[in-house]
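Derivation of every value follows stated rules applied to the coordinates shown; laboratory data play no part. Treat the numbers as computed from the prediction; the structure is a model and nothing was measured. For neighbour counting, all protein chains shown are included, and Cβ atoms are generated from backbone atoms with ideal geometry for every residue, glycine included.
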């Protein structure tokens, strides 16, 4: 009986859902096999994880090595090269040794020299302009060239020795080469064209050219010339001064030296002394005598004045 009770007690107290409570021992045995398989699978997974991690470490190591070899190391080498200097030679005599990193390029030096040269040129004073001096050996107011065409002595202020200097006689209508009037001078000729109402003396060595019915040129050998021309005015004037006042504003500055007393009538010189104005017939025609120079000097200015003084009506 005790054995029966023990058996019942054992059966009643076994867990209802224990893996040992299966209907047969075959089920319990299958459970053991499944557990063994699960353990084997877990072991394989663990090995696979270790392999993946090891491979990752190797890949990272390779990447780091490549980065160091091709990026970090070249950069370090380049940095070292920038600070490396060539060995400094031992100075010889006065030779100046400069490290290669401190060598100054040549281009700025050349530019500085060029700038300095320009500044020096700018600072140099401009050359003084010197006009040619008109030759007048005897200092009588007549150039040597003018005396040549008047038959005078360039070495004597009074060529005929009559006590009057050559210029004074010339502008007064007298011959400076001897007694008499200017018309007796063998170096002068009278210009008196039939179609004109005026006449005047001129150097007979000069070329005469009637360029138009209203203008005539007397050309000197140096390409300068004296021109006489005329034009008609719409108004009539009592004298040349009345006409001059209508044309120019310097009437108040006129002085005795600018008036010319000629056989044609009174004339007026321009402010620069190279033009002479005369009033012609009926007070409506204006005659203009002009000296056109070939250069800076005016060697024939006194011949121009002589021609103005000898201007006459026919």
The stretch 130-244 pair-distance distribution - Cα-Cα, 5 Å bins, rounded % = 2, 10, 17, 17, 16, 15, 12, 8, 3, 1
Residue 190 to residue 245: FRET efficiency via 1/(1 + (r/R0)^6), r the Cβ-Cβ distance, R0 45 Å, to the nearest 0.05?
-> 0.85
At what distance in nm do the modelled label points of residue 72 and residue 223 sit from each other, each positioned 7 Å from its Cα along Cα→Cβ?
-> 8.9
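Note the full-extension length gain between residue 254 and residue 212 as 0.36 nm times their separation in residues minus their Cα-Cα distance, in nm to one decimal. It would help to have the intermediate numbers written out before the result.
On the way: separation 42, 0.36 × 42 = 15.12 nm, distance 3.21 nm.
Going from the current span to full extension adds 11.9 nm.
Which of rounded, prolate, oblate describes the stretch 187-313, given a ≥ b ≥ c as roots of the alpha-carbon gyration tensor eigenvalues and a/c under 1.5 marking rounded, otherwise prolate only if a/b is larger than b/c?
It comes out oblate by the Cα gyration axes.
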Mind giving me the FRET efficiency for residue 238 and residue 137? R0 is 41 Å, r the Cβ-Cβ distance, nearest 0.05 is fine.
-> 0.35
Mark the label point 7 Å from the Cα of residue 282 along Cα→Cβ and return the residues of the stretch 234-248 whose backbone N is within less than 14 Å of it.
-> 234-237
